[in-house]
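The values are calculated or read from the model by the stated rules, or taken from the named source; none is laboratory data. Only a predicted model underlies this, so the values are computations on that prediction, with no experimental measurement involved. Here Cβ is always computed from backbone atoms with ideal geometry, including for glycine, and neighbour counts include all displayed protein chains.
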DNA sequence: CTTCATTTATGACTATAGTCAGTTTATATC
DNA sequence: GATATAAACTGACTATAGTCATAAATGAAG
């Protein structure tokens with residue numbers, strides 16, 4: 001990965017082309033213009049091709065050339081949409097990750113004890129990563145250490161959504177009287193999540209089995225929760 | 001980084017050569033053998049060369065060929081000592097990292113409040129990484145996601161040392177009566193450290209200034225500590 | 001319909017991390 | 001000190017991620 005002087009194709013939501021600006025500002029005209037449509041189609045083809053190949057052959061075994069061919073674009077074009085092979089992985093899986101997390105939150109039964117609710121959310125996230133540990137490893141690596149600063153927005157969005165939901169759980173617990181009233185739910189959400197995340201990384205490093213991880217995590221979360229009573 | 005079928009040169013402490021085994025088992029003979037001496041010298045040259053170049057030119061700007069030349073070895077030889085360029089970085093800086101941490105612990109004044117002691121330790125670690133954020137980023141990335149499983153031992157050792165020291169602080173606080181007596185210091189150490197670590201990563205991603213990071217961290221640690229009173 | 005400017009696409013190319021078959025060097029054994 | 005075995009070393013080589021000069025496509029303006 002070498003230095004890149006300039007980004008040429010802007011990434012979907014952050015696009016600043018005249019067309020995009022016009023559209024954003026209010027004219028809800030019929031078609032978003034052929035240019036934008038082509039770009040989105042191409043982007044979709046790239047993501048689909050990359051997802052298929054990464055899942056079928058694994059990350060390391062898939063070359064960027066293969067992806068470009070499968071998406072029917074030139075080799076150089078690929079790097080207008082993703083800055084690195086790893087960045088491509090984030091492009092492919094970030095939405096799914098957010099959806100998994102949100103789905104887990106929406107499945108919760110509000111009357112369960114807080115600790116159970118937290119465990120269910122984190123266990124769901126864990127199961128998601130468990131489907132393909134190798135991909136998960138590279139994906140999380142890239143999320144924590146992005147090669148593409150344009151992706152910081154996506155990452156922030158993901159974290160923000162999780163913290164907000166966790167904060168909601170905490171506020172609910174506070175309201176129901178099971179927790180003290182003076183703490184900042186956002187900060188506690190961050191504490192709980194860091195805990196999950198570090199455990200997750202250790203699990204990825206192969207230090208523990210799923211069950212060991214969950215046991216540890218439960219005990220850690222319990223300490224934090226108990227402290228707030 | 002491709003698949004490696006076999007490790008040929010074993011890494012220092014984990015070496016299994018006859019010489020090493022003999023030496024380990026008890027015969028404290030005079031010289032460790034020319035072979036072993038050569039290996040250690042070479043290893044030292046590699047580490048020294050890598051450190052100098054990484055610090056002078058930066059990680060990305062330094063090629064493995066340059067390092068090999070500076071260490072006066074063949075290009076292939078380098079990869080008998082480190083499995084990847086990133087792994088080399090860990091080889092170079094892991095001891096220093098451990099020393100920084102231990103030095104920070106030893107500088108503590110036992111009568112300071114627990115929170116102050118924790119902040120001093122974490123602030124010292126932060127200052128260490130602050131000297132070269134780019135190197136720190138790649139170093140921590142490699143520590144959390146090692147490309148060389150032989151390095152898991154080193155990483156475990158580092159974490160273990162930190163957790164042990166943190167545990168000691170907690171036990172002391174418990175003994176002095178400022179904390180409840182029933183919690184497991186090890187688990188709490190892990191909670192506190194995860195917290196520091198996630199904040200550190202966010203700082204590396206450029207989300208906050210040093211001061212903002214420290215403020216956040218202090219408030220988070222305070223929540224955990226307060227819960228243990 | 002013709003410019004003209006801008007965005008997007010392309011693939012031949014480059015740089016370099018990491019490999020491996022063959023060689024050298026050290027040690028053990030007689 | 002000759003021979004055999006194993007460990008360590010080597011550099012020419014390969015694979016591939018990422019670049020960049022050039023070309024094509026699009027849309028705006030007249």
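Summary of values
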quantity: Residue match in segment A:196-206 (condition: modelled with pLDDT of 95 or more and surrounded by fewer than 16 Cβ atoms within 10 Å (Cβ to Cβ)); calculated: yes
quantity: Tally, over segment B:54-64, of residues that are near DNA strand C (Cβ under 9 Å from one of its atoms) and in a helix (DSSP H, G or I); calculated: 1
quantity: Count of residues meeting criterion [outside any loop (DSSP other than H, G, I, E, B) and more than 9 Å from every other protein chain (Cβ to nearest Cβ)] in segment A:203-220; calculated: 9
quantity: Neighbours by Cβ (under 8 Å, 6+ apart or cross-chain): first from segment A:176-192, facing chain B (nearest Cβ under 10 Å); second modelled with pLDDT under 90; calculated: A:180/A:229
quantity: Residue B:67 being within 14 Å of DNA strand D (Cβ to nearest atom) and part of a helix (DSSP H, G or I); calculated: yes
quantity: Residue satisfying all of: in segment A:131-162; outside any helix (DSSP H, G or I), without any contact (Cβ under 8 Å) to a residue 60 or more places away in the chain and surrounded by 13 or more Cβ atoms within 10 Å (Cβ to Cβ); farthest from the other protein chains (Cβ to nearest Cβ) among these; calculated: A:146
quantity: Test result for residue A:122, more than 23 Å from residue A:43 (Cα to Cα), buried (at least 19 other Cβ atoms within 10 Å of the Cβ) and in contact with a helix residue (DSSP H, G or I) (Cβ under 8 Å, 6 or more places away or on another chain); calculated: yes
quantity: Residue within segment B:149-156 that is modelled with pLDDT under 95, farther than 23 Å from residue B:117 by Cα and in contact with a helix residue (DSSP H, G or I) (Cβ under 9 Å, 6 or more places away or on another chain) present; calculated: yes
quantity: Condition broken by residue A:107, with the remaining ones in (1) more than 25 Å from residue A:213 (Cα to Cα); (2) away from chain B (no Cβ under 14 Å) satisfied; calculated: (1)
quantity: Breaking point among (1) within 27 Å of residue A:221 (Cβ to Cβ); (2) free of Cβ contacts under 8 Å to residues at least 12 places away in the same chain, for residue A:61; calculated: (1)
quantity: Condition met for residue B:165 (within 25 Å of residue B:186 (Cα to Cα), under 15 Å from the mean Cα position of the chain (by Cα) and more than 10 Å from every other protein chain (Cβ to nearest Cβ)); calculated: yes
quantity: Count of residues meeting criterion [within 11 Å of DNA strand D (Cβ to nearest atom) and either under 11 Å from residue A:135 (Cβ atoms) or out of contact with any helix residue (DSSP H, G or I) (no Cβ under 6 Å at 6 or more places or on another chain) (or both)] in segment A:54-64; calculated: 6
quantity: Residue match in segment A:18-40 (condition: more than 20 Å from residue A:96 (Cβ to Cβ), assigned to a helix (DSSP H, G or I), within 12 Å of DNA strand C (Cβ to nearest atom) and modelled with pLDDT of 95 or more); calculated: no
